[in-house]
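Working notes, structure below.
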Amino acid sequence: MKTTILETNALTKSIPTSDKLLTILTGIDLSVPSGESIAITGTSGSGKSTLLGLLAALDTPTSGSIKLFGTEVGALTEDQRAQLRLGKVGFVFQSFHLLDNLTALENVMLPLELKTNDASVRERATKALQRVGLGERLNHFPTQLSGGEQQRVAIARAFVIEPQLLFADEPTGNLDRATGHEVEELLFSLVQDQGTALVMVTHDEELAARCQAHYHLSNGVLVKQGGAL
Ligand SMILES: Nc1ncnc2c1ncn2[C@@H]1O[C@H](COP(=O)(O)OP(=O)(O)OP(=O)(O)O)[C@@H](O)[C@H]1O
Ligand SMILES: [Mg+2]
């Protein structure tokens, strides 16, 4: 039976600005069962990245609750939230977020080294890069790789820990159509292989349609598409 790994209840996020309180999200209810893929669409500035940051316990809400792996996130310190994510949550961003002074292999080894420092780390990272088709580029630095290749390194880095939950914020947004398509195929095949739950922000309706559930964010409200909430 599927368990719920992420659940929000009446989540809101407001940010004080110089002249007024800016309300970005209101009353967000979302539930993510293990192994399911969820797409979130919405226009630029609608609050998608803000929502992802809350769901991933990178940020805390103004009100409402978020339960990640059964733990209420709101009451935790930043360190406790990091601990909760460790080894279970992966991220892929639009702008890759690789460390430029580390090779592809070193970038992928990094999340493993946070968990263990045994000899298997290098081997597992190598296998992850082979899986994304970069077995010949292990010792290249990010600047020596194309955008699509850099995103594949980022995907290898996210999946090397075999996360239960992967957050992706416009993972194909900075790539041309053909390369974006390759990256998309890779992402979905890894999600399927590893049984990972996926929460993906995208502008791409086709990509959203490939997910098991599709939500649209507008005026701070999240609405499930193609069915009742
Ligand atoms: N720390 C902050 N201070 C003030 N305003 C913020 C802050 N963070 C986000 N915002 C505002 O909140 C709104 C939502 O931002 P967010 O980055 O979540 O949008 P988005 O849907 O991800 O947009 P895009 O598609 O362009 O990435 C924007 O109007 C943004 O300017
Ligand atoms: Mg964004």
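The values are calculated or read from the model by the stated rules, or taken from the named source; none is laboratory data. What you see is a predicted model; the values in this text were computed from it and never measured. Note: ideal-geometry Cβ built from the backbone for every residue, glycine included; neighbour counts use all protein chains shown. Surface accessibility is based on the protein's heavy atoms, side chains included, excluding ligands, DNA and RNA. Shrake-Rupley method; radii C 1.70, N 1.55, O 1.52, S 1.80 Å.
What the table shows:
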{"item": "Residue within the range 91-101 that is part of a helix (DSSP H, G or I) and surrounded by 18 or more Cβ atoms within 10 Å (Cβ to Cβ) present", "result": "no"}
{"item": "Test: residue in the range 68-82 that is in contact with a Gly (Cβ under 9 Å, 6 or more places away or on another chain), open to solvent by 40 Å² or more (accessible area, probe 1.4 Å) and either part of a helix (DSSP H, G or I) or away from ligand 2 (no atom under 16 Å from the Cβ) (or both)", "result": "yes"}
{"item": "Matching residues in the range 16-32 - criterion: being open to solvent by less than 30 Å² (accessible area, probe 1.4 Å) and away from ligand 2 (no atom under 16 Å from the Cβ)", "result": "Leu30, Val32"}
{"item": "Residue tally, condition touching a strand residue (DSSP E or B) at 6+ places or on another chain (Cβ under 9 Å) and touching a residue at least 60 places away in the same chain (Cβ under 8 Å), over the range 81-94", "result": "7"}
{"item": "Scope the range 66-80; condition touching a strand residue (DSSP E or B) at 6+ places or on another chain (Cβ under 6 Å) and β-branched (Val, Ile, Thr); matching residues", "result": "Ile66, Val73"}
{"item": "Residue in the range 49-67 that is assigned to a strand (DSSP E or B) and surrounded by fewer than 16 Cβ atoms within 10 Å (Cβ to Cβ) present", "result": "yes"}
{"item": "Condition met for Lys13 (among the charged types (D, E, K, R), out of contact with any Asp or Glu (no Cβ under 7 Å at 6 or more places or on another chain), touching a residue at least 60 places away in the same chain (Cβ under 8 Å) and within 15 Å of ligand 2 (Cβ to nearest atom))", "result": "no"}
{"item": "Options Glu185, Glu162, Glu149; residue that is in a loop (DSSP other than H, G, I, E, B) and among the charged types (D, E, K, R)", "result": "Glu162"}
